[in-house]
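Enquirer: Here it is, the structure, as structure tokens.
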Amino acid sequence: MDTRSKIGAPVTPHVAIGTFDPVTAAEAEALAAIGTDLTVIVRTPAVELLNWRARAELVAGLRCVSAVISEADASPELLAQAQPIAEERDGLIATIRFKHGR
């Protein structure tokens, strides 16, 4: 299956939201814990490491994800029911900087 076909697919019953910039193992585990047949809303962070399309394709590659949409395409009702996924980005960046002496 070409996982890119999940981008813009019809919304499913379970919904999660996050930036996924990039997708960390902890975020992938949190999404999997919600279950299968999952729609993920990808938000745009203040400063992007990856563009929206790259982040959407990474999230779409997860087995538990059935659909990926942008925050701009999500209805207010869908946004209200979305389960937020804690961002691990700051910890990831700090670890990379520590390991590379920056």
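The values are calculated or read from the model by the stated rules, or taken from the named source; none is laboratory data. From a predicted model like this one, the values you see are computed outputs, not experimental measurements. Backbone-built Cβ (ideal geometry, glycine too); neighbour counts: all protein chains shown.
Enquirer: Among the residues of segment 51-73, count how many are aliphatic (A, V, I, L, M) and over 12 Å from the mean Cα position of the chain (by Cα). Step through it out loud before you land on a result.
Expert: Going residue by residue through segment 51-73, those that are aliphatic (A, V, I, L, M) are 54, 56, 58-60, 62, 65, 67-69, 72.
Still in the list and also over 12 Å from the mean Cα position of the chain (by Cα): 72.
Of the residues in that region, 1 qualify.
Enquirer: All but one of (1) part of a loop (DSSP other than H, G, I, E, B); (2) at pLDDT 90 or above; (3) β-branched (V, I, T) hold for V68; state the number of the condition that does not hold.
Expert: With respect to (1) part of a loop (DSSP other than H, G, I, E, B); (2) at pLDDT 90 or above; (3) β-branched (V, I, T), V68 is out only on (1).
Enquirer: Search segment 8-37 for residues being closer than 11 Å to A67 by Cβ and either more than 11 Å from the chain's Cα centre (by Cα) or among the hydroxyl-bearing types (S, T, Y) (or both), and hand back the single one that is surrounded by the most Cβ atoms within 10 Å (Cβ to Cβ).
Expert: Among them, the one singled out is H14.
Enquirer: Sort out which residues of segment 25-52 are touching a Pro at 6+ places or on another chain (Cβ under 8 Å), farther than 19 Å from A80 by Cα and at pLDDT 90 or above, and write them in order of number.
Expert: If the condition is that a residue be touching a Pro at 6+ places or on another chain (Cβ under 8 Å), farther than 19 Å from A80 by Cα and at pLDDT 90 or above, then L50 is the only one that fits.
Enquirer: Could you grab the pairs with beta carbons closer than 8 Å, sequence gap of 6+ or different chains, first residue in segment 77-88 and free of Cβ contacts under 8 Å to residues at least 24 places away in the same chain and on the phi < 0 side of the Ramachandran plot, second one surrounded by fewer than 13 Cβ atoms within 10 Å (Cβ to Cβ) and not in a helix (DSSP H, G or I)?
Expert: Once the first residue is free of Cβ contacts under 8 Å to residues at least 24 places away in the same chain and on the phi < 0 side of the Ramachandran plot and sits in segment 77-88, no partner that is surrounded by fewer than 13 Cβ atoms within 10 Å (Cβ to Cβ) and not in a helix (DSSP H, G or I) comes close enough.
Enquirer: Another one. Which residues, counting only those in segment 27-59, are under 11 Å from A16 (Cα atoms), part of a loop (DSSP other than H, G, I, E, B) and touching a Leu at 6+ places or on another chain (Cβ under 9 Å)?
Expert: none
Enquirer: Taking L79 as the residue in question, decide whether it is under 14 Å from the mean Cα position of the chain (by Cα), closer than 15 Å to T19 by Cα, assigned to a helix (DSSP H, G or I) and among the aliphatic types (A, V, I, L, M). Before you say what the answer is, go through the steps one by one.
Expert: On the way: under 14 Å from the mean Cα position of the chain (by Cα): yes; closer than 15 Å to T19 by Cα: yes; assigned to a helix (DSSP H, G or I): yes; among the aliphatic types (A, V, I, L, M): yes.
For L79, the condition - under 14 Å from the mean Cα position of the chain (by Cα), closer than 15 Å to T19 by Cα, assigned to a helix (DSSP H, G or I) and among the aliphatic types (A, V, I, L, M) - is met.
Enquirer: Still on this model: Cβ-Cβ below 6 Å, separation at least six or inter-chain, first residue in segment 10-30 and of a type in the set (F, W, Y), second in a loop (DSSP other than H, G, I, E, B): which pairs?
Expert: none
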